[in-house]
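The values are calculated or read from the model by the stated rules, or taken from the named source; none is laboratory data. The model shown is predicted, which means the values in this text are computed figures rather than measured ones. Counting neighbours? That spans all protein chains shown, and the Cβs are built from the backbone with ideal geometry, glycine included. For accessibility, only protein heavy atoms count, side chains too; no ligands or nucleic acids. Shrake-Rupley method; radii C 1.70, N 1.55, O 1.52, S 1.80 Å.
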There are 2 protein chains.
Amino acid sequence: MAALPPNEQTRVDMERARANTSFDVSGVRDLLHGSYGFGWEAHAKLLTVVSREAVVNKAGRPFMSREERYKTGQAVIDRFNELRVEHGWSDEQLESALLLTGEILPSTLHATAFLPVILRQGSDEQVRHWGMLARARAIIGCYAQTELGHGTDVAALETTATFDKTRDEFVLHSPTLTSTKWWIGGLGRTATHAVVQAQLVLEGKRMGPHLFIVQLRSLEDHKTLPGRTIGDIGPKAFNAHPATDHGFLRFDHVRIPRAHMLSKFAQVTRDATYVAPPHAKLSYGGMLYIRAQMNLGGALTLAKAITISVRYCTVRRQGRIGPDGLAPAVVSYPSTYHRLLPVLAKAYVFNIVSRDLLKQYDAMSVRLAEGDASLLPETHVALAGMKVLVSADVLAGIDTARRAMGGHGFSEFAGVGALLAMHTPAVTYEGDNYVLDKQVVRAALKAHQLVTSSGATPPRGSFFSFLATQRPVSLNLGDTHDLAKLLQWRAAHVIAGVVRTLHPNAPFENDPGAEARVSRAVTEAFIAARVADVLARTDLPGGQSVRRLLHLYLLTTVETALADLATVVDPVALRAKVGETCKALLPDAIGLTDAFGFTDWELDSVLGVHDGGVYDALWERARKSGFNDVGKEEQATYKGHISAVLRRGSALAAKL
Amino acid sequence: MAALPPNEQTRVDMERARANTSFDVSGVRDLLHGSYGFGWEAHAKLLTVVSREAVVNKAGRPFMSREERYKTGQAVIDRFNELRVEHGWSDEQLESALLLTGEILPSTLHATAFLPVILRQGSDEQVRHWGMLARARAIIGCYAQTELGHGTDVAALETTATFDKTRDEFVLHSPTLTSTKWWIGGLGRTATHAVVQAQLVLEGKRMGPHLFIVQLRSLEDHKTLPGRTIGDIGPKAFNAHPATDHGFLRFDHVRIPRAHMLSKFAQVTRDATYVAPPHAKLSYGGMLYIRAQMNLGGALTLAKAITISVRYCTVRRQGRIGPDGLAPAVVSYPSTYHRLLPVLAKAYVFNIVSRDLLKQYDAMSVRLAEGDASLLPETHVALAGMKVLVSADVLAGIDTARRAMGGHGFSEFAGVGALLAMHTPAVTYEGDNYVLDKQVVRAALKAHQLVTSSGATPPRGSFFSFLATQRPVSLNLGDTHDLAKLLQWRAAHVIAGVVRTLHPNAPFENDPGAEARVSRAVTEAFIAARVADVLARTDLPGGQSVRRLLHLYLLTTVETALADLATVVDPVALRAKVGETCKALLPDAIGLTDAFGFTDWELDSVLGVHDGGVYDALWERARKSGFNDVGKEEQATYKGHISAVLRRGSALAAKL
């Protein structure tokens, strides 16, 4: 028999697991926080400030109505704007602080879409005027692109901005029901202004989508201005994003000054002449900003989920009692660690590669601001491929983490459900994944065509450099360089295979899943090359464990690609190597998750508590559940309905 | 340019798609409803009655608090129990009517666990007494098995039922925090009685888990009886199952008469003698009932999701304008139909195979009641494998359906999110999928061992008959019989491969994903054999279309198994066949979903409306959203917080 009651044993288990850690956790924490962003110290300082704010009230969320979640969110924004002044926070610090609450707020789109679009697409004067007001939050903005009938395809947008030369104004109008702006975060009840994507109509001619700043609500009393019909589009699936007022917006001939068209690139002159941008793609760069941010956001969400699951599975015991009088820890079963450790590896890889890609995006932005779009195509395809792969794998990984926790993973108090709900739309917004696949494939086929027809080798380090990879002559599964090369060759091999099946009129009819397969293979080649670069660093912290974890990422990626690699990889040897690597990593699982640096306040999970006391935590929260201690409500339901059922049942039973 | 506004065009599109149907929908509807259960006509009649009941209030659900969902659920139960008397419904009709509301109610576990356990495990007298009271709803029951610290493994349960010979009573007790009963549906605020799984302790000796009927609340005033601590465990992830009060329960030395131990099989006599059941597994049969029901429930949930998604993707248009002045329907893209049609195929296959398996379960139950457990092992392994596969694939399929709808699929009004939330726990409850995998694998390895060591051929038609399948010498991808044989050989091949890697002390360490892979291969072989049987029927309704759909199921199952079939299947030819089959099916997609027979009331989805008017439906529901028309609330948030942010911002802007 166990010496301790099971609820106390969990703390001992966690302490032991933590003590097993073979490497210096702080070094790895710096790696995971350091390569882009504030770095660990500044992050930890901000977190301390934020987590002292009672207004955030994480524990209360599961019991709030949507109205309460929205109001609490507004109170948080208000308080954090106050803190910003108090602490002299930068724009980035304010947004990071708001992100740390774990709630998607109506202000999120102000910071990630409204403001950046003005800064990137506005003329110098517009940046000075509107950019300053937006940065100060003297106005609150939203970004109105998507329409009821049109999503990712901006060319199809129906909203019009017709130039009225006589009055030097644009007239914004929604000609149809389907042109209603829809899904606009922060619009429903909050924003005072919008950047609106609309078809510019000049002298009767449609000039394609352009951006316009439109005031929506009065700055005096917040009332909706004439000609705008605004509302909230209703709740989201899984009760997700309840604090955000995704809205709809219809224009009935709303007039704005000509100066409200964002005109860093394209312009309309007083005499209705269209001044085209110097490069057709210049205005596209700004839209990539959210995608670049999304990858890191996804990586961090996955890190939370896997931390919770690894911790719980370390202290949860189940199965045949061993010589120590205890059932084995759930994490010690091959069928469990084989699920969790590859997800942990992804949380690391996505974190590192996303930060790299943010640096690449910044470098491109600098060039773009100088009118140089040369880095755009590479960055665009990398971000499209990564957005698809990271958003999908993060969603799948969170779900794997949830399922590994068995029944308790379905409790809202486990915290993983909320992470999954929050991340769910990432696969369909900011470019639907299956639409972005098409863009990656188009670029891949073009690059393939160039290489095969001209024999040109793609430049080393470029996105499509893998196209030059030769079929591996030998494969050492223990050699991460070999594995990265293998994944690069596989991408070239998949593209070549798809090219052979292309139908002249309907390209993918002979292989309808080809686009998703090519997009994934290409992006996995890109990631594998980055991972190999990281592994080449001699100063990589975390010793053998971090190296093993990245190695595991490559091995399990190869495992999912076995159907493409039948002639090159022996599945039995590969699976044995995966098993061996997992087993070697297992003693460091807690250390590797600790290295993310999440506090209990951040995770807000009874199953992911740092000290392992999961049963006490679950019991405490259930006892305080807002659905208990409601004596009056309970009696009302009994008297109203339950007693009626029982009375009817008694009468019926007497007759049976 | 299109002649019609986009919102009206959708209705024309739907009408045309429906008119394209090549087969008689009513025949297929009968197939999908007929082989087990009431059949279509009786179902439709019940549905008409139920959907007239305003108390159900589907449209109101997204705006209700949990308290309101619970209360509304109780009101529905009350009203439906009244209707039962009015219409003379059978037990099955009452439960079907409640299921048709689409809400998981506190009464669900009464009907699917409490009552069946009494009927199957009670002595004749217990069935007469308790069974009658439960059937009439003169008592309301729950089924208390899972504990805070113990899930699928009943042997580890800590709750004790100690026989006190002196008073001829059992004493129920929860010795630890982790022995608290947890996740018990209907317990938190509703049930008057429970069937409790507890360790029988007889003269100081633990006799393993047995079942006991315990009263929880007074039938006079519904107050909790002494010695019981009861409460609700809190909300579930994704706001799922909000109308059900999953509860916790602790016993402090609660005494019940000896007659309250369910004693059809095992018994305790007045002098504390244990009378063992004639067959150790006899009591196990009852637990399989929920699994058998779950498969059909999952199939129907998937059918709803795919109906909604196929309908929406048929009328949603996107992309380059064609010669008809319209963008193509989203469903016409290979990357879309290649995702949706295989899910539709699964909704058919799971429906048909689940109904077959319910018949098999019933046949086994009849034998079991006669003390004959000979059919149990086969049925057990089939239900375990199917539970794992169907629950996981339904969840994945609903998600595929949701994602294919792009952004709007994330609206709660789309209805698919609620289906996914409702189905989510199916992969971890009633036997966690990864624990059930182990049971399937154990049986598979045993059968393999028998066949290889003795050379015995498993009986034709038995679950493991595929073990005798020879490696196919030729493969015609157009021949469904060939494909079924291929999947059967693949299962035998996967098992043989895993057997070679087994580690003597830690069986799956060399291949930690082996259990999940074997379980899936084995169950897919089982399903493929059933599908081949169905295709052998000459009277199969639905003409070529239903045949093609089942064919597609086999093809895409082979596609997911390519890593196991590298030496046998040419991936290029297979994918081309998948593409060809999808394309041929596409014109019948609407007809094939119509054949499920769902009404708009049942689907409760703005994107799945029968007439295709999706934009009008979305607009109407958004306008009526409970988060709009809240002038007072809106002004309060503005005055409380938004204005403060703006004022602070103005002051800040003045300084910038």
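The dipole here belongs to the range B:141-277: it is taken about the Cα centre, uses +1 on the Cβ of Lys and Arg and -1 on the Cβ of Asp and Glu, and is about 120 debye.
I'd like the carbon and sulfur percentage of the solvent accessible area for chain A, probe radius 1.4 Å, heavy atoms only, ligands and nucleic acids excluded. Taking all protein chains in place, chain A shows 53 percent carbon and sulfur surface. Amide H to amide H, with H built 1.01 Å from N, B:GLY186 comes under 5 Å of B:ASP245, B:HIS246, B:GLY247, counting only residues 5 or more places away or on other chains.
Accessible-area rank, largest first, for B:HIS503, A:HIS241: B:HIS503, A:HIS241, with all protein chains present and a 1.4 angstrom probe. Taking a cut-off of 23 Å, what percent of all Cα-Cα pairs in the range B:51-208 are separated by more than that? For the range B:51-208, the share of Cα pairs beyond 23 Å comes to 48 percent.
For the protein assembly as shown, the C-alpha radius of gyration divided by 2.2 N^0.38 Å, with N the number of residues, is 0.92.
Hydrodynamic radius of the range B:186-252 by the Kirkwood approach over all distinct alpha-carbon pairs: 13.5 Å. If ligands, DNA and RNA are left out, what is the accessible area of A:HIS222 with a 1.4 Å probe, given in Å² to the nearest 10? It works out to around 10 Å². A:LYS346 exposes around 60 Å² of accessible area when a 1.4 Å probe is run over every protein chain in place. Relative to the other identical copies, B:GLY37 shows label-point distances of 4.8 nm, where the label point lies 7 Å from Cα along the Cβ direction and values run shortest first. Each of B:THR480, B:ALA525, B:PHE464 was placed along the dipole of the range B:433-588 (beta-carbon charges, centred on the mean Cα), and the one lying farthest toward the positive end is B:PHE464.
Sorted from closest to farthest, the other copies place their A:GLU92 label points 6.7 nm away, with each point set 7 Å from Cα along Cα→Cβ. The charge dipole of the range B:529-656, taken about its Cα centre with unit charges on the Cβ atoms of Lys, Arg (+1), Asp and Glu (-1) only, comes to about 840 debye.
Cross-link pairs exceeding 21 Å in C-alpha to C-alpha distance, out of A:LYS71/A:LYS223; B:LYS165/B:LYS205; A:LYS71/A:LYS236; B:LYS304/B:LYS577; A:LYS58/B:LYS624, comprise B:LYS304/B:LYS577; A:LYS58/B:LYS624.
Taking every residue in A:500-512 and counting other chain Cβ atoms within 10 Å of its Cβ, the average works out to 5. In a simple Cβ point-charge model (Lys, Arg +1; Asp, Glu -1; nothing else charged), chain A has a dipole of about 1020 debye relative to its Cα centre. At q = 0.11, 0.18, 0.23, 0.26 Å⁻¹, what log₁₀ I(q)/I(0) does a Debye calculation on the Cα points of the range B:1-79 give, no solvent, two decimals? Here log10 of I(q) over I(0) equals -0.61, -0.92, -0.98, -1.09. Taking amide H as placed 1.01 Å from N in the peptide plane, the amide H of B:VAL609 sits under 5 Å from none that are at least 5 places away or on another chain. The string of couplings for the range B:166-173 from the Karplus curve (6.51, -1.76, 1.60, θ = phi - 60°) is 4, 10, 6, 9, 9, 10, 8, 8 Hz, one whole number per residue in order, with x for Gly and Pro.
Plugging the Kirkwood radius over Cα pairs into Stokes-Einstein for the range A:349-468, at a temperature of 4 °C and a viscosity of 1.567 mPa s, what D comes out in µm²/s? Once the numbers are plugged in, D ends up at 78 µm²/s. In sequence order, the range A:562-569 has phi-based couplings of 3, 4, 8, 10, 4, 8, 10, 10 Hz under the Karplus curve 6.51 cos²θ - 1.76 cosθ + 1.60, θ = phi - 60°, and Gly or Pro positions carry x.
Note on the range B:193-234 and the range B:559-632: Cα centroid distance 45 Å, given to the nearest whole angstrom. Size descriptors for the range A:298-393 (Cα atoms only): Rg and Dmax, in that order, 20.3, 71 Å. With bins 5 Å wide beginning at 0, the percent of Cα pairs of the range A:544-616 falling in each bin runs 3, 14, 19, 15, 12, 13, 11, 6, 4, 1, 0.
Summarising the amide proton neighbourhood of B:CYS142: residues at separation of 5 or more, or on other chains, whose placed amide H is nearer than 5 Å comprise B:HIS193, B:ALA194, B:VAL195. Accessible surface computed residue by residue for the protein assembly as shown, with neighbouring protein chains in place and a 1.4 Å probe, gives 37 Å² per residue.
Dipole orientation for the range A:434-587: of the candidates A:ALA566, A:LEU585, A:LEU502, A:LEU585 has the Cα lying most toward the positive pole (charges on Cβ; Lys, Arg +1; Asp, Glu -1). With the convex hull drawn over the C-alpha atoms of the range A:423-487, the volume per residue is 132 Å³.
With the convex hull drawn over the C-alpha atoms of the range A:434-587, the volume per residue is 127 Å³. Across the range A:139-282, the volume of the C-alpha convex hull divided among the residues equals 120 Å³ per residue. The Rg/Rh ratio of the range A:561-656, with Rg taken over Cα atoms and Rh as the Kirkwood radius over Cα pairs, comes to 1.37. May I ask for the percentage of alpha-carbon pairs in the range A:210-353 that lie more than 18 Å from each other? Above the 18 Å cut-off, the range A:210-353 has 77 percent of its Cα pairs.
Using the Karplus relation 6.51 cos²θ - 1.76 cosθ + 1.60 with θ = phi - 60°, the per-residue 3J(HN,Hα) values for the range B:124-134 come to 3, 5, 5, 4, 4, 6, 6, x, 5, 4, 5 Hz, with x marking Gly and Pro.
For chain B, the membrane-span-like helices by this rule, meaning whole DSSP H stretches whose C-alpha atoms cover at least 15 Å of axis and whose Kyte-Doolittle mean is 0.0 or above, are B:40-51, B:288-315, B:334-369, B:376-404, B:433-454, B:480-501, B:514-535, B:543-560, B:571-585, B:643-655; this says nothing about an actual membrane. What's the total accessible area buried between chains B and A, using a 1.4 Å probe, rounded to the nearest 100 Å²? Between B and A, the summed buried area is about 11600 Å².
Placing a label point 7 Å from the Cα of B:ALA3 along the Cα-to-Cβ direction, the distances to the matching points in the other copies come to 8.6 nm, shortest first. Other protein chain C-beta atoms within 10 Å of residue C-beta, averaged over B:559-568: 3. Within chain B, the longest run free of GluC sites (Glu not before Pro) that sit in a DSSP loop with at most 11 other Cβ atoms within 10 Å is B:371-656. Here chain B is described by how far its Cα atoms reach on the three principal axes: 90, 77, 63 Å, from widest to narrowest.
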